[in-house]
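Trainee: Take this structure first; my questions come after.
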Amino acid sequence: MTLKNSSNNIEKPVGVIGIGSFGTAIANILAEKNNVIVYARKQEIVDEINEQHSAEGRALNQSISATTDPQTLCEMCEVMFPVVSSSGFRDVMKKFAPFLHPYHILIHGTKGLVLNLPEGRNLDNVSKIHRENIWTMSEVIQNETVVVRVGCLAGPNLAKELAKGQPAATVVASRFNEVILEGQRLLRSDRFQVYGNQDIIGVELSGVLKNTIAIASGALAGLGLGENAKGLLISRGMVEMIHLGNALGGQTQSFVGLAGIGDLVTTCSSTFSRNYTVGYRLAKGETLDAINDSMDEVAEGINTVRLLKTFLEGTGMRAPITENLYKVLFEGFKVEDALYYLMKYPFNVDIDFL
Amino acid sequence: MTDDYIKQKYDPILPRKDEWPVVKLAKSRKDFVQNVASFSKDKIISMTGNNLDLLKEELETTLYREKLRVKQNPWLVDPDDEEEFWSGVKSALVQISFESQATEEERKVAYHKILESITTRYSEEIASNFKHSHYKATRKMVTFGFSRLLNAGRVKGLGSIFSKQYTLQDKIQIIGETERLRDLASKGTIVMVPTHFSNLDSILIGWTISTLGMPPFLYGAGLNLFNIQIFAYFMNALGAYKVDRRKKNLLYLETLKSYSSEAIQFGCHSLFFPGGTRSRSGKIENKLKLGLLSTAVEAQRANYEKGFNDISGKIFIVPVTINYHFTLEAPSLIREHLSLTGQERYYKETDEFSNSYKISKFLIKFFTKGSDISVSIGQPMDILGNYVDLEGNSTDRDGRMIDCRDYFMSNGKVSVDPQREEVYTQILGDRIVEEFHKINRVFSSHLVAFTAFQMIKKQNSKMDLFSLLRLPEEDLVIDYSDFRSTCQTVLNRLMEIRAKGLVHVAPHLKQDIDKIIAHGLANVGMYHSKRPLIKTSDDKITTQDMSLLYYYHNRLDGYDLEKLFK
């Protein structure tokens, strides 16, 4: 406990929680300017990081060290970046909660939603879910820990490109200016630009909702339908993101920013994206189970589609792309049929929200 | 918190009045006012980023608005020298712009001097005039006078006027975390945040605080109330400072906030009505005015900055809900709400609380007839809305102790960040609204008003609110048996919500449904000439004033009960 509240944290290391592909990329960017400590659940990964400076084969900066102990990380670091999958996010936060204090700053990089239902309830046995049942990651942090100064990272950040050191930008969103400034101070470099945004919910939702559109985009490519079709999908997808996003509490401006349209365009065009790959392989005739089995990290979009479909039923709102994706993913609907349906869907106006 | 109130005598927590923070403050009033003035002056200068042109613009805007106010909306309480003072400011400003040879530094000094003269005037005007002798007299008068009335009205027979069978506590029931509040008030500083429905609230809360044995709280009362002499006496006696809602200029608002913040740091327990004004719609406040609330957050940070890290420097937020069966001003409040003219800035007093005679008449009626009031004291919280334990420590959801100071720390020390505190204030505001709903105590009158209004609405499901309010009398009739069963449904749902700890109910809601309805009908808006709800001789339920019914119905807004009518 001696390190707690020590007078100067400029020298304090920065924490990274989780070391998947994006976690590795973030840890490397942070390590250019700061001491970095990584938290990983498995001892063998921690050993690999400390001994070989790599995480599951991905190279890590020499100065990065690792631990399996949440308490150590919380005592050493004031600022931490949780970058774990949305399915494990809540458990990780619960594990950290006893060691977190209100002076901590958490900036997460997870794009997904968590379902918060009473004990014993899940998507299979509830008919309706409301906004309060759907938590973004910042809401998970706020509900499971005492940390209030929360931020999120979002933007077109394909881990593979970041790893190569190609130029990129990200958005740090937070209701707190100091969190944005801290994120910029820690991350900004000649090759990495960092923007700020105060609408954290909107930015988080951008990252979440774009994943569903990316699956559809992959499917279009899988069917070999060309660039006109992709342009159509991206623009209609944008409209759907904004409608859904507003319903969930995000502001329109955030969706047309870097974290929204920027990320959407990137993900919908990239064969590196997991969500895109899911759509692509579906269109090629594979089943969802087969695709899931062969991927080492989850495609968040699948979970999101499922959650949103149930949410939509409770509100009476329509979101044609999401609804059709649900049918394709879970009800054996053919991609071609879904596409045909979308072509017939009566969109009267192009844009009605700006 | 239990539903039933405990009638209890509370000993004063600080028996010697010299120990009362308000008395101490009154003694050093002059220095304190000077402090507030210079503090707000510095704050305004820092807000303008030390830019002289911005400051000049701010001063000119203030002058312009104040001259307009003096001309268009003068009040009885305004000092006589208003015109004179602002003319002085005007000529001072004019003079600076004429002195073309003055250096930047000289101009700065001149502008700062004007600024200081304004903040000093404002501080002086805002500051309370607590006088212990008046406080004592008021307290005696209220307790003695009202209990006499109460007993005369309720105990039959000769000598009833001296009966002690009923005390004010039977009429005004204080429930909830009273002991916790007293305990923390003797250790730290309390900021009480009650809901606000009626002008009577100010006196009611003052009485509650003194009944609980606590020293008087400092609180802001609308300057318009000081127009009414009887109110002005009460307010002054209770230690109220003055909030003038006509003055919306930055200089005034900053001075007001500084006053509040400095008083909390001084250790004065304070009280804000966080809704700002009385609830026009009758709803429990759901949008709070964050200006004064932010002073609690600021004061907490300032205390930590000064190194008060123990409980004596801690600020506790205590939500309170006041429940009535009626609000005297309801007709004018709801009219105002519905017409939504947006003229809050210069609104004129039009309510029935407009003179001392009417108030006295009402009070006599109130104490000699039925109808009760309850004051529910909520669980104390810290300035971020975490509950605190018996020792005043903040705890998280799992009961783990957290250090409130950590909220203001960055790089290992307490830091000042106005934007951060702004967000904290919003978080606190949301927490207060949440607590209001939890500690709100449902009365029979709320139940019947809500049910009847929703039933009429359902019968006319195609109409919007305003057409609904204009319905002809013959369309406003409900069959008693339908009404009875629907009341039961609503009550059942309320009891479910109560089981989850999200609302409270008055003990009279535990009788059988016919008795509850009878009690509700007898009490809902009982002093209005047109009753919001009555039972006719042919066993129908109807209303004489739909807007009033809407007003009393609104009290149960925010519990999703309307879904029962879909």
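Trainee: Antiparallel as a % of all DSSP beta bridges within the protein assembly as shown, to the nearest 5?
Mentor: Bridges in the protein assembly as shown are about 40 percent antiparallel.
Trainee: If Rh is defined by the Kirkwood formula over all Cα pairs and Rg also comes from Cα, what ratio Rg/Rh do you get for the stretch B:192-336?
Mentor: 0.97
Trainee: Let me ask something else about it. Just the Cα atoms of chain B: what Rg and Dmax do they give in Å?
Mentor: Cα only, chain B: 25.2, 88 Å (Rg, Dmax).
Trainee: Out of every Cα-Cα pair in the stretch B:469-566, what percent are more than 21 Å apart?
Mentor: 36 percent
Trainee: A further question follows. Using the beta-carbon distance between A:Lys284 and B:Asp464 and R0 = 56 Å, what value does 1/(1 + (r/R0)^6) give for FRET efficiency, to the nearest 0.05?
Mentor: E(calc), rounded to 0.05, equals 0.55.
Trainee: Then there's this: Shape of chain A from its Cα gyration tensor (a ≥ b ≥ c, root eigenvalues): rounded if a/c is under 1.5, otherwise prolate when a/b > b/c, or oblate?
Mentor: prolate
Trainee: So, in Å, what gap is there between the alpha-carbon centers of the stretch B:167-208 and the stretch B:374-437?
Mentor: 20 Å
Trainee: Rounded to the nearest 5, what % of DSSP beta bridges with both residues in chain B are antiparallel?
Mentor: 45 percent
Trainee: Here's a follow-up. A:Tyr195's amide H: which non-local residues (gap 5+, or another chain) put their own amide H closer than 5 Å, with H modeled 1.01 Å from N in plane and none for Pro or chain starts?
Mentor: Residues meeting the amide H criterion: A:Thr170, A:Val171, A:Val172.
Trainee: If r is the Cβ-Cβ distance from B:Gln8 to B:Asp53 and R0 is 45 Å, what FRET efficiency results, to the nearest 0.05?
Mentor: So the FRET efficiency works out to roughly 0.15.
Trainee: Now for a different question. Roughly how much of A:His243 is accessible, in Å² to the nearest 10, using a 1.4 Å probe?
Mentor: Number for this one is 80 Å².
Trainee: Between A:Asn143 and A:Asn61, what length in nm is gained on full extension when 0.36 nm per residue of separation is reduced by their alpha carbon distance?
Mentor: Extending this stretch completely gives an extra 26.2 nm.
Trainee: I've got another one for you. Report, as an integer, the average count of C-beta atoms from other chains found within 10 Å of each Cβ along B:406-417.
Mentor: Neighbouring Cβ atoms belonging to other protein chains average 5 per residue here.
Trainee: In whole percent, and with a 1.4 Å probe on the protein chains, what portion of the accessible area of chain A is carbon and sulfur?
Mentor: The value for chain A is 50 percent carbon and sulfur by accessible area.
Trainee: Something else about it: Quick check: Cα centre of the stretch B:251-278 to Cα centre of the stretch A:204-235, how many Å?
Mentor: The distance from the Cα centre of the stretch B:251-278 to that of the stretch A:204-235 comes to 54 Å.
Trainee: Place a +1 charge on the Cβ of each Lys and Arg in chain B and a -1 charge on the Cβ of each Asp and Glu, then give the dipole magnitude about the Cα centre in debye, rounded to the nearest 20.
Mentor: Dipole about the Cα centre, nearest 20: 1680 debye.
Trainee: Moving on. Can you flag which of B:Lys24/B:Lys289; B:Lys515/B:Lys535; A:Lys94/B:Lys287; A:Lys12/B:Lys314; B:Lys500/B:Lys535; B:Lys140/B:Lys171 are past 23 Å Cα-Cα?
Mentor: Flagged as over cut-off: B:Lys24/B:Lys289; A:Lys94/B:Lys287; A:Lys12/B:Lys314; B:Lys500/B:Lys535.
Trainee: Place a +1 charge on the Cβ of each Lys and Arg in chain A and a -1 charge on the Cβ of each Asp and Glu, then give the dipole magnitude about the Cα centre in debye, rounded to the nearest 20.
Mentor: 420 debye
Trainee: Label-point separation (nm) for B:Ile513 and B:Glu105, each offset 7 Å from Cα along Cα-to-Cβ?
Mentor: 8.3 nm
Trainee: How high is the FRET efficiency from B:Met401 to A:Ala163, r the C-beta distance, R0 45 Å, rounded to 0.05? Spell out each step's value before the answer.
Mentor: On the way: r = 42 Å, r/R0 = 0.94.
Efficiency computed from Cβ-Cβ geometry: 0.60.
Trainee: Counting Lys and Arg as +1 and Asp and Glu as -1, each charge on the Cβ, what is the dipole of the stretch B:22-126 about the Cα centre in debye, to the nearest 20?
Mentor: Its charge dipole is roughly 400 debye.
Trainee: Looking only at the stretch A:130-250, where both bridge partners belong to it, what percent of the DSSP beta bridges are antiparallel (to the nearest 5)? All intermediate terms of the calculation are to be shown ahead of the outcome.
Mentor: Numbers: 5 of 11 bridges.
For the stretch A:130-250, the DSSP antiparallel bridge percentage is about 45.
Trainee: While we're looking at this one, here's another question. Mind checking the mean number of beta-carbon atoms from other chains within 10 Å of the Cβ atoms in A:138-148? Present the calculation step by step, with values, prior to reporting the outcome.
Mentor: Working: counts 0, 0, 0, 0, 1, 1, 3, 2, 12, 1, 6.
So the per-residue partner count for this stretch is 2.
Trainee: What lysines sit close enough to A:Lys327 to cross-link, taking a C-alpha to C-alpha distance under 26 Å and skipping anything fewer than 8 places away on the same chain?
Mentor: Cross-link targets: A:Lys111, A:Lys128, A:Lys210, A:Lys230, A:Lys284, A:Lys309, A:Lys344.
Trainee: Quick check on chain B: helices-only [θ] at 222 nm, where DSSP H runs of length 4 and up contribute -39,500 (n - 2.57) each and the sum goes over total residues. Nearest 500, please.
Mentor: So the helix-based figure for chain B works out to -16000 deg cm²/dmol.
Trainee: Got a sec? Charge dipole of the stretch A:30-173, +1 on Cβ for Lys and Arg, -1 for Asp and Glu; which of A:Leu30, A:Val147, A:Leu158 is way out at the positive end?
Mentor: Selected residue: A:Leu158.
Trainee: Okay, moving on. Rank these residues by their accessible area, most exposed first, probe 1.4 Å: B:Lys67, A:Lys334.
Mentor: Values: B:Lys67 75, A:Lys334 125 Å².
Ranking B:Lys67, A:Lys334 by accessible area, largest first, yields A:Lys334, B:Lys67.
Trainee: Rounded to the nearest 10 Å², what accessible area does B:Glu391 show when all protein chains are kept and the probe is 1.4 Å?
Mentor: 110 Å²
Trainee: Pop a pseudo-label 7 angstrom from the Cα along the beta-carbon direction at both B:Val94 and B:Lys563 and give the gap in nm to one decimal.
Mentor: 6.5 nm
Trainee: Give me Rg/Rg_expected for the protein assembly as shown, where Rg uses Cα atoms only and Rg_expected = 2.2 N^0.38 Å with N residues.
Mentor: Values: Rg = 31.4 Å, N = 920, 2.2 N^0.38 = 29.4 Å.
Against the compact-globule rule of thumb, the ratio is 1.07.
Trainee: What is the distance in Å between the Cα centres of the stretch A:138-162 and the stretch B:25-55?
Mentor: Computed from Cα coordinates, the inter-centre distance equals 40 Å.
Trainee: In addition: How would you order A:126-133, B:532-539 from highest to lowest mean count of nearby Cβ atoms within 10 Å?
Mentor: B:532-539, A:126-133
Trainee: Determine Rg/Rh for the stretch B:22-126; Rg is computed over alpha-carbon atoms and Rh is the Kirkwood hydrodynamic estimate from the same atoms.
Mentor: Checking Rg against Rh, the ratio lands at 1.01.
Trainee: Once the mean 1/r over all distinct Cα pairs of the stretch A:202-344 is inverted, what Kirkwood radius in angstroms do you read off?
Mentor: Evaluated on the stretch A:202-344, it is 14.8 Å.
The values are calculated or read from the model by the stated rules, or taken from the named source; none is laboratory data. Note that this is a predicted model, so its numbers are computed, not measured. Quick reminder, even Gly has a Cβ in these numbers, built from the backbone with ideal geometry, and neighbours come from all protein chains shown. The protein model used for the area step is the full one, side chains on, heavy atoms only, and it has no ligands, DNA or RNA in it. Shrake-Rupley method; radii C 1.70, N 1.55, O 1.52, S 1.80 Å.
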